[in-house]
1. Which of the residues spanning the stretch 40-58 are free of Cβ contacts under 8 Å to residues at least 24 places away in the same chain and either touching a Ser or Thr at 6+ places or on another chain (Cβ under 7 Å) or of a type in the set (D, E, K, R) (or both)?
2. Within the stretch 1-28, work out how many residues are exposed (fewer than 14 other Cβ atoms within 10 Å of the Cβ) and either within 13 Å of the ligand (Cβ to nearest atom) or not in a loop (DSSP other than H, G, I, E, B) (or both).
3. What are the residues in the stretch 29-44 that are more than 12 Å from the ligand (Cβ to nearest atom) and surrounded by fewer than 18 Cβ atoms within 10 Å (Cβ to Cβ), if any?
4. Do we have Glu43 as modelled with pLDDT under 90 and at negative phi here?
5. Return a yes/no flag: does the stretch 63-80 have any residue that is in a strand (DSSP E or B), surrounded by 10 or more Cβ atoms within 10 Å (Cβ to Cβ) and either away from the ligand (no atom under 16 Å from the Cβ) or modelled with pLDDT of 95 or more (or both).
Amino acid sequence: MALKKTFCLNHPDRPAIGICVITGQAICEECSTRYEGVNYSREGLRILQARRNAENRLHGWRGRSWLILGTLLSPISVLLIYLGLRAMIFFMGLRS
Ligand SMILES: [Zn+2]
């Protein structure tokens with residue numbers, strides 16, 4: 001049984017050295033980019049980058065939403081503390 005040789009998708013004359021973890025394409029030395037210990041084709045790397053960008057946008061939005069929530073909540077808590085103090089002063093005044 002002969003060993004089936006895999007060739008690069010972009011260079012049919014060159015033997016593939018690996019497979020892109022994203023696209024599953026066979027890629028040669030020139031086409032592969034080793035990143036974080038795994039092989040990526042150029043296409044795969046672009047997809048990875050797009051995914052990372054989408055994740056960053058999501059996290060960025062989450063971060064901002066917490067900031068908005070904090071800004072909205074802080075005047076409410078200040079108001080509650082103020083009202084609490086006013087009530088305390090009012091009841092103390094009633095007793096004396
Ligand atoms: Zn190639």
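1. Tyr40, Arg42, Glu43, Leu45, Arg46, Arg51, Arg52, Glu55, Arg57
2. 3
3. Arg34, Tyr35, Glu36, Gly37, Val38, listed by residue number.
4. no
5. For the stretch 63-80, residues in a strand (DSSP E or B), surrounded by 10 or more Cβ atoms within 10 Å (Cβ to Cβ) and either away from the ligand (no atom under 16 Å from the Cβ) or modelled with pLDDT of 95 or more (or both): absent.
The values are calculated or read from the model by the stated rules, or taken from the named source; none is laboratory data. Because the structure is a prediction, the values reported are computed rather than measured. All Cβ positions, glycine included, derive from the backbone under ideal geometry; neighbour counts span all protein chains shown.
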